[in-house]
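Okay, so here's the structure we're looking at.
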Protein chains: 2
Amino acid sequence: MIANTPAPPYYAVIFTNIRTQIEEGYDETALQMVQLAEKQDGYLGHESVRNGLGITISYWESLEAIRNWKQQNDHLIAQSLGREKWYAAYKTRICKVERDYDFFI
Amino acid sequence: MIANTPAPPYYAVIFTNIRTQIEEGYDETALQMVQLAEKQDGYLGHESVRNGLGITISYWESLEAIRNWKQQNDHLIAQSLGREKWYAAYKTRICKVERDYDFFI
């Protein structure tokens, strides 16, 4: 569940969001988008949690990989439906991961 | 709940974690750390969600502000207790936020 990313530098897209009450199509589309992202060049992993607020972080090799994912056709349709139906608010942050460290029991 | 951060560039610390079963002291310390972080120079906001996996992202003006927070005395004690008691695993990623965009109904 903690994404097994390579040594930095790499990139992260932090997508913080609040949903509307509209459930129709959301779960299916969210799953499709995960499966589609996993097939994109430069995809490194993702982490996602919701509990009221939702945070999904996807990790990428390069800014170009992020641009390609943002412009992917089915993803463009999902983004549009997201604004029309599923999200009351969101913020997307494109980041360069400069350093990381971890701990495991 | 979505952090109201300024225009980029700024910095993010993504803390992705899995808890142990040990609850003792966790909620109080987590709250104290939020209150302490808010008083640190260069603190810009934070977002936090847990649902099994936990993701907490804090936002900062500079890498120096992040270093100062990492070395803050009470925070050092909390980090040590975290590894001893509360966390089964975590990964911390230090990131530069290069671009952001948002949407609100």
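The values are calculated or read from the model by the stated rules, or taken from the named source; none is laboratory data. Keep in mind that what you see is a predicted model, and the values were worked out from it rather than measured. When we count neighbours, we look across all protein chains shown, and the Cβ atoms used for this are built from the backbone with ideal geometry, even at glycine. Note: areas computed on protein heavy atoms with side chains; ligands, DNA, RNA excluded. Shrake-Rupley method; radii C 1.70, N 1.55, O 1.52, S 1.80 Å.
Worth pointing out:
- Those residues of the range B:81-102 which are within 11 Å of chain A (Cβ to nearest Cβ) and open to solvent by 40 Å² or more (accessible area, probe 1.4 Å), in sequence order: B:Arg83, B:Glu84, B:Lys85, B:Lys96, B:Glu98, B:Arg99, B:Tyr101, B:Asp102
- Inclusion of A:Asn73 among residues that are surrounded by 14 or more Cβ atoms within 10 Å (Cβ to Cβ) and over 29 Å from B:Ala89 (Cβ atoms) is not warranted.
- The criterion of at least 2 residues that are under 19 Å from A:Phe104 (Cα atoms) is met by the following helices (runs of 4 or more DSSP H) wholly inside the range B:1-97: B:73-81.
- Residue check, A:Val34 touching a Ser or Thr at 6+ places or on another chain (Cβ under 9 Å), away from every other protein chain (no Cβ under 11 Å) and at pLDDT 95 or above: yes
- Set A:Leu53, A:Leu63, A:Leu44: member being surrounded by 15 or more Cβ atoms within 10 Å (Cβ to Cβ), touching a residue at least 24 places away in the same chain (Cβ under 8 Å), within 14 Å of another protein chain (Cβ to nearest Cβ) and over 13 Å from the mean Cα position of the chain (by Cα): A:Leu53
- Here is the figure for the range B:11-24: residues that are more than 9 Å from every other protein chain (Cβ to nearest Cβ) and surrounded by 13 or more Cβ atoms within 10 Å (Cβ to Cβ) total 4.
- Comparison of B:Ala3, B:Ala78 shows that the only residue that is more than 7 Å from chain A (Cβ to nearest Cβ), under 21 Å from A:Tyr87 (Cβ atoms), open to solvent by less than 40 Å² (accessible area, probe 1.4 Å) and not hydroxyl-bearing (Ser, Thr, Tyr) is B:Ala3.
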